[in-house]
1. Segment 223-276 to segment 314-378: how many Å between their Cα centroids?
2. Rolling a 1.4 Å sphere over the protein heavy atoms, what is the accessible area per residue of the chain, to the nearest Å²?
3. Take the alpha carbon atoms of segment 595-625, find their center, do the same for segment 1-41, and report the distance between the two centers in whole angstrom.
4. Among residues other than residue 17 whose Cβ falls under 11 Å from its Cβ, what is the net charge (Lys/Arg +1, Asp/Glu -1)?
5. Per residue of segment 720-730, in order, report the coupling 6.51 cos²θ - 1.76 cosθ + 1.60 (Karplus, θ = phi - 60°) as ³J(HN,Hα) in whole Hz, putting x for Gly and Pro.
6. Taking a temperature of 20 °C and a viscosity of 1.002 mPa s, what whole-number D in µm²/s does Stokes-Einstein yield for segment 239-348 with Rh from Kirkwood over alpha carbon pairs?
7. Count charges around residue 5 for me, please; just the other residues with Cβ under 14 Å from its Cβ, Lys/Arg as +1, Asp/Glu as -1.
8. Can you work out the Karplus-derived ³J(HN,Hα) for every residue in segment 457-469? Use 6.51 cos²θ - 1.76 cosθ + 1.60 with θ = phi - 60°, whole Hz, and x for glycine or proline.
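The values are calculated or read from the model by the stated rules, or taken from the named source; none is laboratory data. Note that the coordinates shown come from a computational prediction; the quantities given were computed from them, not determined experimentally. Cβ placement follows ideal geometry from the backbone for every residue including glycine, while neighbour counts extend to all protein chains displayed. Just the protein is used for accessible areas: all its heavy atoms, side chains included, with ligands, DNA and RNA removed. Shrake-Rupley method; radii C 1.70, N 1.55, O 1.52, S 1.80 Å.
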Amino acid sequence: MSEIDFTAAFQAITGNAPFPWQEALFARLTAGDPPPACNLPTGLGKTSVIPIWLIALATNPDNVPRRLVYVVNRRTVVDQATDEAEKVRKRLPDEPGLRDRLRALCASPDGVPLAISTLRGQFADNREWSADPSRPAIILGTVDMIGSRLLFSGYGLGFKTKPLHAGFLGQDALLVHDEAQLEPAFQDLLVAIKEEQDRCKEFRRFRVMELSATSRGTGVFGLSEEDRAVPEVDKRIHAKKILHLHLNDDEKKLADSLAELALQHKDANRAVLVFARTVEAVEKIAEKLRNGTREGRVETLTGTLRGKERDQLVKKPVFLRFLPGADTVGETVYLVCTSAGEVGVNISADDLVCDLSTFESMAQRFGRVNRFGTRDDTRVDVVHPKEFDENDEYQCRLKRTLALLRELNGDGSPEALANLDQTERLAAFSPPPAILPVSDILFDAWALTTIRDRLPGRPPVEPYLHGLSEQDPPQTQVAWREEVGLITGALLEQYKPEDLLEDYPLKPHEILRDRSDRVFKHLVSLAAEHPDELAWLLQQDGTVKHLALGVLASKEKKDQINSQTVILPPKVNGLKAGLLTGDPKDVADDVADEWLDEKGRQRRARLWDQEEVPDGMRLIRTFDTRPDAEEEEEEESDEGGGRKRFWYWYVRPGSADDDGSRTSRKAVAWGVHTDDVTRNAQSIVEKLPLTEGERRAIVIAASHHDRGKKRIVWQRGIGNPDPNNWLAKSGVGMKPIELTEYRHEFGSLLDVMDQPDFQKLDEQEQDLVLHLIAVHHGLGRPHFPSALAFDPEPKGKDVQAITAQLPQRFARLQRKYGRWGLAYLESLLRAADYAASANPSATLEDAR
């Protein structure tokens, strides 16, 4: 293939010629030497690290990781990184040289050779990025989403998928931490993970790059004099922002002062951004603006919005006025925000009104106004208090920030901010949190993902992601699900909430997040009306408590919701315009099924008996919600419009969270599935820099991973009417004949030992084969629970001895490959199996 011209390729997929710093970063990435920190002013295309990485990967894949993991501080509405990723993917076909080089890296030559998974929109939290480990991929997420997954503790993930995410995010990955100054604890954690991987000599690369416009450190990479000589750069770093400071001597009137300053623009045809530090202040300001302007000219953006409503905000006319390139003609509009609008939001207002915050926050706010230097009349109004509490560290830093703003003499441009004394700027940042140290012992404990119960010495990961800070009180997530109100009483023993959330996990669009004390206040209000309704309390370790709402809202146990997720039945209500209200008259809805793919199709659906199944979906669960009802009585009740009984859950295979181990749209023969998985594994390992022994072990594990399905009890369990006609997947209409706790991967572990190709391997390769087979559905890290460690047809094998060897083998291999390295190897087989389950090459129906 011909050489790639960086300048031409960059312009083709971004629409812009590269700045000098972008060319320099490309050279660093291509050489395998990514800078640990990039300090770049807002508005100069920091997110172009995405196309730079992609071109570098195509140019020198031996030096550049296959996955770019882009971490944003908060879940934003229109984050620049997502926009950049989608733009690059859309334009790849226009640059065939780059596209073909990327395609050559993929196990599958079909489709666009770039996977994307984001927090919102058509790529939201999909499986695309993990389906082909050799395929270049961009994964965008928050500190919580990415950080918890890196620590084998992914929020919203079941135990089966936790190691898969940890392996793919922590190996062969360049992790870019955007606005790292806002999350110093997470930045320290990333460095610690990298150092631990280096110490253990993990075999795939994990690189970390801090990206910031207002770093807490000095940084090692930034603008050069050559950059500053570029007219477009000069225009942006000197973007005019006329700063005015206003004294407020009554904190109770702060919202009034901010609203009055904002209303001075009401007849000026401007897009005005308003920032306040608290949700309460935002609500008051928005109300005053709505009363002082025409209807439909004010929107709010807070971190407390549910994901669905947050995603919808981008389509509203007011918000559209703040996007780059928007039509500037029209009435004045207002966007009132908390800090949720400070970071990663690709907006550019005409004017800014805000209260005083710490320096790094003020720099972010200034960066959301006249970002590209296209105006010469932008006004920034900052309202500050008269006095500061000298005994309060946060207040002291506000005072230092005010002193720095006064030094600007009315010039709020990026260049003016950058020219302030670095030491004084750092002293005006928000107080750093107490950062908890990690250790090899903690990493070991978090990696034991099969142990689902609480484990001594394995704390929740959340404090390690954010640190401990008085300025950041605990948060609680809230969602609404129908199953919470339906699966109650004895049904909770048959259908465990942990298992249901494993197959049908909470997705970002379902969840809102608010301060735990505010959530508790609203729960108390809801409990007053519905004290006996059950709620689920999903804890960070994945376990679920089912509690009456009255118990959940007990003042003696108010801290039990801190840093947890509360899942409510919709019947208790308490939701208005995407915000938790606590009012039982505000109708709440379950939006779990409103998770769509890039073609606008549902990725999953929960349906009752007579409802039509969307085309192409696969059944994963069947619920009998009234098992004591007589069948004849139920049929009459259904005809008469009575209560429904059978509930069916479906997923679209290409984006399912379950592993598809038993069900399929159509029945698949054992031999067909095994051949598909083996072929997929062979294609994947050929594209990755593995040793011959590792490749051989993975392919042999693939060819024997499902041998344990050749058991009469397993075939009867999937409803196979002819148990001797071995199936790998059941089809629609096959009902289980008998159910046991037998795990087919444990049976496969026994059977593979007799296979000639396995016996020819050396001891280390055999170790890897046995481990990969044992863990390919999430068990075996480090053991099989005693109830699952059996085989109905052991064929003379010593089951107890084989069971005892599992944790010993896990420990040996983890020492050899490292924690993330071993998880990565496991995930190669799991990806091959997942792809075969989603797209079988043949089915029994095809054969007929």
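1. Cα centroid to Cα centroid, the span is 8 Å.
2. Working: 33470 Å² over 848 residues.
In whole numbers, the chain has 39 Å² accessible per residue.
3. 44 Å
4. Numbers: positive: none; negative: 23, 232.
After counting each charged neighbour, the total is -2.
5. Working through the residues one at a time gives 5, x, 10, x, 8, 8, 4, 10, 9, 9, 7 Hz.
6. Diffusion coefficient, whole number: 147 µm²/s.
7. With Lys, Arg at +1 and Asp, Glu at -1, the neighbours total -2.
8. So the Karplus estimates, Gly and Pro as x, are x, 10, x, x, 7, 4, x, 7, 7, 10, x, 10, 8 Hz.
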